[in-house]
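Asks: Input: one structure, supplied below.
Here, each number is a calculation from the coordinates, and none is a lab measurement. This structure is a prediction, so every number in the text was calculated from the model and none was measured. Here the Cβ is made from the backbone with ideal geometry for all residues, glycine too, and neighbour counts use every protein chain on show.
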């Protein structure tokens, strides 16, 4: 069976040509990406509830983000696996779940960036904590209103994979589908491209400036290395987000221009991975690339949760560097083997 290529006409997308159906190998890659994202999100959530000493406010926000990524990946997995050919009931339900959770994921990603910015740059942990309730209102409320209106007006459903990779999203048969594609994802995605880099660049500059204060001249080489790791993570967070999501935006623009390049297999694969792998990417950044989580995970993976053969009681395992905010002036400082006030400890440290 074949699908219709779409081009723009006014504020909508209309059919003009025929393209082949989504190849099986692309579906397999996309389903694999969904599975890895589901597992990665589950690992972030599981470690949070398994170990009390990592239950910080910033990681709690990460867990909420992981919940949205988890259900987004589950819904997209179902959509790709089912391979819808019309706007059936389960196609619409899949679109509602994936659109709501995916849009919420954008808001929570930006919320975490704002939280870290206020904590690190403004050094106001009390203000950062007080904003959490507003993060919930905006990050759940806006997607709920948008998706609720879209579903109520019957705008969600089968999209012929022209703006997706096998899953259902916005019906291309509606005359105002462009508006609803923007409201149910693309608008927030594009805004995040600008907001996230701006916030993380500001954090990097703040850490760089702190590194040139007179206190930093007393840092040991290992402490400087820890600062470099934090700085590197600040680079990777927005970079990974953009690298994952940009292919979806490119394909969206190509669809609006009527370009046949939207059916390019490489672009389809990148789009499929980018829209489904956010949970896996967060797991790599905040679990596998975080020393404290690794030190907890590896003994359990290699020896079992109750085994002592990989005990982490020794100094070699428990020695790790910490970035913290100290004192009334919240001076940014790195130290080894020190106690930390976990209410002030940001998500980006080697502890988290």
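Asks: Mind ordering 141-151, 270-280 by average Cβ neighbours within 10 Å, highest first?
Replies: Going by the mean number of other Cβ atoms within 10 Å, highest first, we get 270-280, 141-151.
Asks: Once you have a ≥ b ≥ c as the square roots of the Cα gyration tensor eigenvalues for the stretch 154-193, tell me rounded if a/c is under 1.5, and otherwise prolate or oblate according to whether a/b is larger than b/c.
Replies: It comes out oblate by the Cα gyration axes.
Asks: How high is the relative contact order of the stretch 121-185, given as a whole-number percent (alpha carbon pairs under 8 Å, six or more residues apart)? Provide the component values of the computation, followed by the final result.
Replies: Numbers: 41 pairs, mean separation 14.7, N = 65.
Normalised by residue count, the contact order of the stretch 121-185 is 23 percent.
Asks: Would you kindly calculate the translational diffusion coefficient of the stretch 55-123, applying Stokes-Einstein with the Kirkwood radius from alpha carbon pairs, for 37 °C and a viscosity of 0.692 mPa s, and quote it in µm² s⁻¹ without decimals?
Replies: 245 µm²/s
Asks: Given the C-alpha centroids of the stretch 172-214 and the stretch 83-161, what is the distance between them in whole angstrom?
Replies: Rounded to whole Å, the Cα centres lie 14 Å apart.
Asks: What whole-number distance in Å separates the alpha-carbon centres of the stretch 44-65 and the stretch 238-282?
Replies: If we compute the Cα centre of each part, the gap is 29 Å.
Asks: Can you sort 69, 86, 159, 124 from fewest to most other Cβ atoms within 10 Å of each residue's own Cβ?
Replies: 86, 124, 159, 69
Asks: Moving on to the next point. At what distance in nm do the modelled label points of residue 288 and residue 202 sit from each other, each positioned 7 Å from its Cα along Cα→Cβ?
Replies: 3.2 nm
Asks: I'd like the FRET efficiency for residue 86 and residue 256, computed as 1/(1 + (r/R0)^6) with the beta carbon distance as r and R0 of 22 Å, rounded to 0.05.
Replies: 0.40
Asks: Take the Cβ-Cβ distance between residue 144 and residue 42 as r, set R0 to 22 Å, and report the resulting FRET efficiency rounded to the nearest 0.05.
Replies: 0.35
Asks: Next question. Apply the a/c threshold of 1.5 to the C-alpha gyration tensor of the stretch 111-171 and tell me whether it is rounded, prolate or oblate. Display every interim value, and only then the final one.
Replies: Details: a/c = 6.62, a/b = 2.43, b/c = 2.72.
Oblate.
Asks: Here's a follow-up. At residue 60 and residue 133, where each label point lies 7 Å from the Cα along Cα→Cβ, what is the point-to-point distance in nanometres?
Replies: Label-label distance for residue 60 and residue 133, simple model: 1.3 nm.
Asks: If you rank 32, 99 by fewest surrounding Cβ atoms within 10 Å, what's the result?
Replies: In order of increasing Cβ crowding within 10 Å: 32, 99.
Asks: Okay, next question. At a 10 Å Cβ-Cβ cut-off, how would you order 163, 28, 246, fewest neighbours first?
Replies: Numbers: 163 24, 28 12, 246 15.
The order, fewest Cβ neighbours first, is 28, 246, 163.
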